[in-house]
Amino acid sequence: MQDPDDSARQILLAEYTALRTEAERRANVQWNVFALQLASAGAIASVAISANPTVLLLVPVSSYLLGSRYILHDFHIKLIRRYVRESLAERLGGHLQWETWRSTALAAPTSRGWFSVTGWNFVHPTRLAFDGVGLLALAAAGVSGGYLWWLRSPPWPVVAGFAGGWLVGLAVTALLRRAFRRASDL
């Protein structure tokens, strides 16, 4: 006959395994979203260079959409880690130490410096790939649009449409920056 405590422990370990698998799956999806962001920004920039620089205004919007997905998976990974650390490890008698040890190690003052890969500051590569690329696209679209308009003045509906698209791009880039900043506090 099996000990009831052993049976409960096996269930908790199966839950832990399922949660680790879910965290790994989400981390893989995050990587795919990151790769898609780089590929789509590059493709949009290529079209903008060869056809029309105003196409660059699509980059901030796509960066916002993909960046939000990236942050959503990051949130769920952190939620899983917190659950393992605060609930599951306790129910297993403190035998699951990885999440607690990891949290303590990352809380060290030297691990979240300005140029570290664990700090979610603006020079973090992930942040640059999402909101940095959006800002760069806005700047490039503004400069190229201004140059083209200086050469030949377009009709006012074109200017109004470009200005509206540029402002939407600026707004979604600001929202994405705020979302990354909030994600760093979790």
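Number of residues in region 17-54 that are crowded, with 16+ Cβ neighbours inside 10 Å and aromatic (Phe, Trp, Tyr): the value is 1. Residue count for region 62-81 under the criterion of being among the aliphatic types (A, V, I, L, M) and in contact (Cβ under 8 Å) with a residue 24 or more places away in the chain: the result is 4. With respect to being at pLDDT 80 or above and not in a helix (DSSP H, G or I), Gly93 fits the description.
Answer with yes or no whether Arg181 is within 27 Å of the chain's Cα centre (by Cα) and at pLDDT below 90. Yes; evaluated as a whole, the condition is true for this residue. Residues of region 130-157 that are aliphatic (A, V, I, L, M) and under 22 Å from Ser46 (Cα atoms): Val133, Leu135, Leu136, Ala137, Leu138, Ala139, Ala140, Ala141, Val143, Leu148. Being farther than 14 Å from Val61 by Cβ, out of contact with any Ser or Thr (no Cβ under 6 Å at 6 or more places or on another chain), surrounded by 18 or more Cβ atoms within 10 Å (Cβ to Cβ) and not aliphatic (A, V, I, L, M) narrows it down to one of Gly146, Gly132, Gly165, so name that one. So the residue among Gly146, Gly132, Gly165 that is farther than 14 Å from Val61 by Cβ, out of contact with any Ser or Thr (no Cβ under 6 Å at 6 or more places or on another chain), surrounded by 18 or more Cβ atoms within 10 Å (Cβ to Cβ) and not aliphatic (A, V, I, L, M) is Gly132.
Total residues in region 76-99 satisfying the condition of being under 24 Å from the mean Cα position of the chain (by Cα) and of a type in the set (Ser, Thr, Tyr): the figure is 1.
Within region 55-65, does at least one residue satisfy the condition of being of a type in the set (Gly, Ala, Ser), under 15 Å from the mean Cα position of the chain (by Cα) and surrounded by 17 or more Cβ atoms within 10 Å (Cβ to Cβ)? Checked region 55-65: at least one residue is of a type in the set (Gly, Ala, Ser), under 15 Å from the mean Cα position of the chain (by Cα) and surrounded by 17 or more Cβ atoms within 10 Å (Cβ to Cβ).
The set of residues in region 67-102 that are under 30 Å from Gln37 (Cα atoms) and basic (Lys, Arg) comprises Arg69, Lys78, Arg81, Arg82, Arg102.
Does Trp98 meet the test of being among the aromatic types (Phe, Trp, Tyr), over 30 Å from Ile44 (Cα atoms) and modelled with pLDDT under 95?
Numbers: among the aromatic types (Phe, Trp, Tyr): yes; over 30 Å from Ile44 (Cα atoms): yes; modelled with pLDDT under 95: yes.
So Trp98 fits the description; yes.
For Gly42, the conditions (1) modelled with pLDDT under 95; (2) more than 19 Å from Leu72 (Cβ to Cβ) are fulfilled apart from (1).
The values are calculated or read from the model by the stated rules, or taken from the named source; none is laboratory data. All values derive from a computational prediction rather than experimental measurement. So basically every Cβ, Gly included, is an ideal-geometry build from the backbone, and we count neighbours across all protein chains shown.
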